[in-house]
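All remarks here apply to the structure that follows.
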């Protein structure tokens, strides 16, 4: 019993001591912790909470309004972010005053600023407050001094084609605005409504801009930028009283729609952009690449703005520089693109849903990359309206969609690849006769009612050359079966299927099956003539076709001018197989019975292969659509203009299938060669 009393007494003593300690701590905390007060102060500075900062200082030294104005003007003027505080030491001066020595760093418009400083905190009414003066902002700043900022905007680098023709540059546009004092008061509302209609902006937007606090009668109030050469619109705008149009600097894209998906566009940074790129020198007025090469090459194109933060005395005399960054203009980037070829391709396909990639198959230089329909990237720089954005995003033809980055069913344009694989692996020979099969064929009864059909009708052997000339589906279905699922999978993998082709702009991966396996003989046979589940990326198929002029080696495509030639896949096909396919593809164009004979041109010897892929929901679907292809290249080794064109158009059903593309590709060769 005595032992229990001792235990209870011990517990009571522990509880009492704990309560005493807690009361002591609470009492101490009531006074506040000087280090915590200082940390909170600069934490509020980070958050731009100037009122909370003021509550932590001895407010007898400065009025609240004066304090907030001074700190806000300085911190916002230098574009302060990311304050970091580390305390070196704390010294008790006397019973009521504590001195804290600390290190400070911060990010500003002129880069990082760091310094050592000290602050004195005084205990008043059981809490600590900071003895404030201007040198708490910067050690060398006196209360009568001013902090000044001068800045220089870096020029964004230009994007050029191979012949130094500008594709994107800093240029001149027209800034449309209003001078309130020159408006006609009697017709003011109607004039604003007319402007809103002409500029495709909201009336509320105009009124909001006119009602800004800085606006006076003689102020130019900018409303929207328009293209410098949009003379018709500017003429209509100037009829409205009070409208003023001045020159402004902005990113311009002289070629507009024809190269939009490749070059992309810039826009003013958003809050998300600033957060994502914190510490890189972006400000609320910066522009940033949003899509295409403008985004990919952003770090090289944008340059570094110049800025200096300095202190002047009350008379405006410069006392010292706090931080300085020299301006550095962005880098110009030269592409392998030939704007003449790009323009020629775009004009042929501007009204189609399709994509065309043109490369030099000998070097890998990309000469053109076109996706249609397209859009004007200048609209995004000048300020695209909600109406226009809605129209574009709801357009069934998807002008914003980049088709050359996607994958598509290749149809018969894959047949040369199947032929090259069969010859390379020795699964059949070029002269081997597979036998006539009529217009429909199946391997055996295990296929049930399914049969492979072909439109090819020709005399002579069912060998590789004839099968390519007349595009015989049955021959290539048999080819795939002869190659076999295991070998065909290995060879597809070898030449880059199931992985994105290496390129500065991301491309979807070509694939031969959704499951990476041939799940049935029918699927394997259908794959032989580019159906089944086969999908190819246009740039990847360009690299594959390049092997037919490079003795079996697939070229590595590239787009930045001056890079060295390299191969994407060496020995993709045997030299003999590649040369055989090349000669056969020449006959596809040269032979009067060839499916691409109408693309024959006097400009050069052309080799090529057509392809029409059926897109159906099921085998019995009679309402499906068709994708047309024509892949062609200059087959003359001595021609100075080596060029390979991979061209695809959607919805060619009832428009001639792949034959819809033949005159277009011929026109490109005729124009460029």
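Computed from the coordinates by the stated procedures, all read-outs in this text should not be read as laboratory data. The shown structure was predicted, so the numbers you read here are calculated from the model rather than taken from an experiment. Ideal geometry is used to build each Cβ from the backbone, glycine not excepted, and the neighbour counts take in all protein chains shown.
Using Cα pairs closer than 8 Å and at least 6 residues apart in sequence, work out the relative contact order for segment 78-166, in percent.
Details: 123 pairs, mean separation 16.4, N = 89.
That works out to 18 percent.
Can you tell me the FRET efficiency between residue 331 and residue 439 if r is taken as the Cβ-Cβ distance and R0 is 56 Å, rounded to the nearest 0.05? Mind showing how you got there, number by number?
On the way: r = 59 Å, r/R0 = 1.06.
Calculated transfer efficiency: 0.40.
How long are the three semi-axes of the equivalent ellipsoid of segment 401-446, in whole Å, if each is the root of 5 times an eigenvalue of the C-alpha gyration tensor, listed from largest down? Each step should come with its number before you reach the end.
Values: eigenvalues 160, 65, 19 Å².
Whole-Å semi-axes of the equivalent ellipsoid: 28, 18, 10.
Take every DSSP beta bridge whose two residues both sit in the chain, then give the antiparallel share in percent to the nearest 5. Don't skip to the end; give the middle numbers.
Numbers: 94 of 98 bridges.
So the antiparallel bridges amount to about 95 percent of the total.
Test of understanding: what is the full-extension gain from residue 565 to residue 447, defined as 0.36 nm times their sequence separation minus their Cα-Cα distance? The partial results should precede the final answer.
Numbers: separation 118, 0.36 × 118 = 42.48 nm, distance 4.70 nm.
Using 0.36 nm per residue and subtracting the Cα-Cα distance, I get 37.8 nm.
Take the Cβ-Cβ distance between residue 202 and residue 673 as r, set R0 to 45 Å, and report the resulting FRET efficiency rounded to the nearest 0.05. Spell out each step's value before the answer.
Working: r = 51 Å, r/R0 = 1.13.
That pair, residue 202 with residue 673, gives E of 0.30.
Using only the alpha-carbon atoms, how far is helix 575-590 inclined from the longest principal axis of the chain? Give it as 0 to 90 degrees, nearest 10.
For 575-590 against the chain, the angle is about 70 degrees.
For segment 159-334, what is the Kirkwood estimate of the hydrodynamic radius, computed as the reciprocal of the mean inverse distance between distinct Cα atoms, to one decimal in Å?
19.2
Sort 252, 61, 370 so that the residue with the fewest other Cβ atoms within 10 Å of its own Cβ comes first and the one with the most comes last. Walk me through the intermediate numbers first.
Values: 252 19, 61 13, 370 29.
Ascending Cβ contact count within 10 Å gives the list 61, 252, 370.
So how do 651, 313, 125, 584 line up by other beta-carbon neighbours within 10 Å, fewest first?
Details: 651 16, 313 12, 125 7, 584 25.
By the 10 Å Cβ count, ascending: 125, 313, 651, 584.
Can you tell me the length gained on complete extension of the stretch residue 398 to residue 64, counting 0.36 nm per residue apart and subtracting the Cα distance? Intermediate values should be presented prior to the final figure.
Numbers: separation 334, 0.36 × 334 = 120.24 nm, distance 5.62 nm.
Stretched fully, the residue 398-residue 64 segment lengthens by 114.6 nm.
7 Å from Cα along Cα→Cβ at both residue 638 and residue 125: what's the point-to-point distance in nm?
9.9
I need the shape label for segment 32-143. Rule: rounded when a/c is under 1.5, else prolate if a/b > b/c, else oblate, with a, b, c from the alpha carbon gyration tensor. Walk me through the intermediate numbers first.
Values: a/c = 1.86, a/b = 1.32, b/c = 1.41.
Judged from the Cα gyration tensor, segment 32-143 comes out oblate (a/c at least 1.5, b/c at or above a/b).
Relative to the longest principal axis of the C-alpha atoms of the chain, give the angle of the C-alpha long axis of helix 485-494, reported between 0 and 90° and rounded to the nearest 10°.
It works out to around 50 degrees.
In the set (i) 12; (ii) 22; (iii) 43, which value of percent of Cα pairs over 47 Å apart was calculated from the structure you see?
Structure-derived value, by its label: (iii).
Suppose R0 equals 56 Å. What FRET efficiency, 1/(1 + (r/R0)^6) with r the Cβ-Cβ distance, do residue 246 and residue 133 give to the nearest 0.05? List each step's numbers first, then the result.
Numbers: r = 44 Å, r/R0 = 0.79.
Once the sixth-power term is evaluated, E becomes 0.80.
What is the chain's relative contact order, in percent, from Cα pairs under 8 angstrom and six or more apart in sequence? Write down the numbers at each step before the final one.
Values: 1354 pairs, mean separation 70.8, N = 673.
Computed over the chain, the figure is 11 percent.
Using only Cα atoms, find the angle between the long axis of helix 473-483 and the longest principal axis of the chain, and express it within 0 to 90 degrees, rounded to the nearest 10.
So the inclination is approximately 70 degrees.
Could you calculate the contour length gain from residue 49 to residue 143, that is, 0.36 nm times the residue separation minus the distance between their Cα atoms, to one decimal place in nm?
Numbers: separation 94, 0.36 × 94 = 33.84 nm, distance 2.09 nm.
Using 0.36 nm per residue and subtracting the Cα-Cα distance, I get 31.7 nm.
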